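**Student:** Have a look at this one before I ask anything.
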Amino acid sequence: MGSNGNSSVAHELNYVTSNRFYVEIDSSIAASFTECTGLSVQIKKNVFHEGGVNDQQRVFLGHAEFEDVTLKRGVTDNSGFWQWINQVFIENGTTSRRNVNILVFNQAGETMMSWTLIGAIPIAWKTPTLQADGNTVGIEELTLTYEGLQVGKEQGGGNTTTRMSSGFFESR
């Protein structure tokens, strides 16, 4: 029996053991990266002050603004991943937006965190310095812009997405 007298409660810790961020596209892991920056949202607020109420203010929430996500030092051999990135260079072609999942797993392979970038599209891509004797990665930086964000622990999505008649993208 535990020191607190409650032996029926099991505490399991699932640690994330490496700093790898996996990118899921078309329902499969397409690439992995060692660094991910920019996963953030800023909610605009409108503050109103009422006459005679000096110790409070009224705060109304406005629109969300999402920062671009930059993934660094990545590797991939997924041809679909490269085709998606290269679509932005095709003149008069349709650029495919995706619901892209950025995933982190624990030692047991369970999804510990999932960030779904809704309606994502690549806007910058940089290769590492190419050296004959170097030990470099395939992608130095990949920057994605997106129109929405969902955060959770469930893996899913990562598929091609299209605008609905409302003008927004489906979230799954």
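The values are calculated or read from the model by the stated rules, or taken from the named source; none is laboratory data. Because the structure is a prediction, the values reported are computed rather than measured. Using ideal geometry, Cβ is built from the backbone for each residue, glycine included, and neighbour counts are taken over all protein chains shown. SASA here: full protein model, heavy atoms, side chains in, ligands and nucleic acids out. Shrake-Rupley method; radii C 1.70, N 1.55, O 1.52, S 1.80 Å.
**Student:** What's the total number of residues in region 49-64 that are open to solvent by 100 Å² or more (accessible area, probe 1.4 Å) and modelled with pLDDT of 90 or more?
**Tutor:** 3
**Student:** Being under 22 Å from LEU142 (Cα atoms), at pLDDT 90 or above, of a type outside the set (Val, Ile, Thr) and touching a strand residue (DSSP E or B) at 6+ places or on another chain (Cβ under 9 Å) is the requirement here; does LEU117 meet it? Break it down into steps so the answer makes sense when it comes.
**Tutor:** Numbers: under 22 Å from LEU142 (Cα atoms): yes; at pLDDT 90 or above: yes; of a type outside the set (Val, Ile, Thr): yes; touching a strand residue (DSSP E or B) at 6+ places or on another chain (Cβ under 9 Å): yes.
The answer is yes for LEU117.
**Student:** Go through region 68-117 residue by residue and tally those that are among the hydrophobic types (A, V, I, L, M, F, W, C) and open to solvent by 20 Å² or more (accessible area, probe 1.4 Å).
**Tutor:** Result for region 68-117: 10.
**Student:** Filtering region 118-131 down to residues that are surrounded by 15 or more Cβ atoms within 10 Å (Cβ to Cβ) and among the aliphatic types (A, V, I, L, M), which residue is farthest from ALA30 (Cα to Cα)?
**Tutor:** ILE118
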